[in-house]
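The values are calculated or read from the model by the stated rules, or taken from the named source; none is laboratory data. This one's a predicted model, so the numbers in the text were calculated from it and none came from an experiment. Counting neighbours? That spans all protein chains shown, and the Cβs are built from the backbone with ideal geometry, glycine included.
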Amino acid sequence: MRVYNARARGLGHALKSLMKDLLCVKGFKIACVGTELRGDDEVGLRVCRELAKSGIDVVTCEYGLENCIGDLLALSPKSLLIVDAAKFSGEPGDVVVAPVESAASEYLVTTHNVPVAVTIEYLRRAGVARNALLLGIRVKSLEVGAGISDEVLRSAEVVVSAIREALKECNP
């Protein structure tokens, strides 16, 4: 598990290197989770929208990963990167990248109905998403009606850039 301080120099470079290792494999998919109703919980959706603008194929899961089970089963990714808002010790905008199991048990407090680890276990039993990692961005506020905070928005931009750059360097 890796936690990246949002204010540290080189955040984008470190994330790009990690994203390249994760995403430059056959059969990967990116799923972004969130809702626009609760402040920083929108961050996953924001990342997906920006990646889609670049032509990157993503799965958008409003209100929870469990709402995309059908799409994920149909796509049958071997590797899955889940981008979501997260609550863990640290500062708003910090980024954690971890296997779903450790993130769900140690760091992530989800705002969704079904825990991510339960959904991933279901997918794995169906032969999907054998390698599943969570990229969580530390929230500042989950207040209903609040907009996305500046700290979280800046980290989302770094994540999007790191994923775009990593995918450009993947071998076809």
Expected single match for farther than 19 Å from A117 by Cα, of a type in the set (D, E), free of Cβ contacts under 8 Å to residues at least 24 places away in the same chain and out of contact with any Pro (no Cβ under 8 Å at 6 or more places or on another chain) among D21, D71 is D21
Among the residues of the range 1-59 satisfying the criterion of being under 27 Å from G147 (Cβ atoms) and hydroxyl-bearing (S, T, Y), which is surrounded by the fewest Cβ atoms within 10 Å (Cβ to Cβ)? S54
Select from the range 60-95 the residues that are part of a helix (DSSP H, G or I), surrounded by fewer than 19 Cβ atoms within 10 Å (Cβ to Cβ) and within 13 Å of the chain's Cα centre (by Cα) and list them in ascending order. none
Of the residues in the range 37-59, those that are without any contact (Cβ under 8 Å) to a residue 12 or more places away in the chain and either closer than 14 Å to L135 by Cβ or in a loop (DSSP other than H, G, I, E, B) (or both) number 1
In the range 124-151, the residues that are more than 25 Å from M19 (Cα to Cα), modelled with pLDDT of 90 or more and not in a loop (DSSP other than H, G, I, E, B): R125
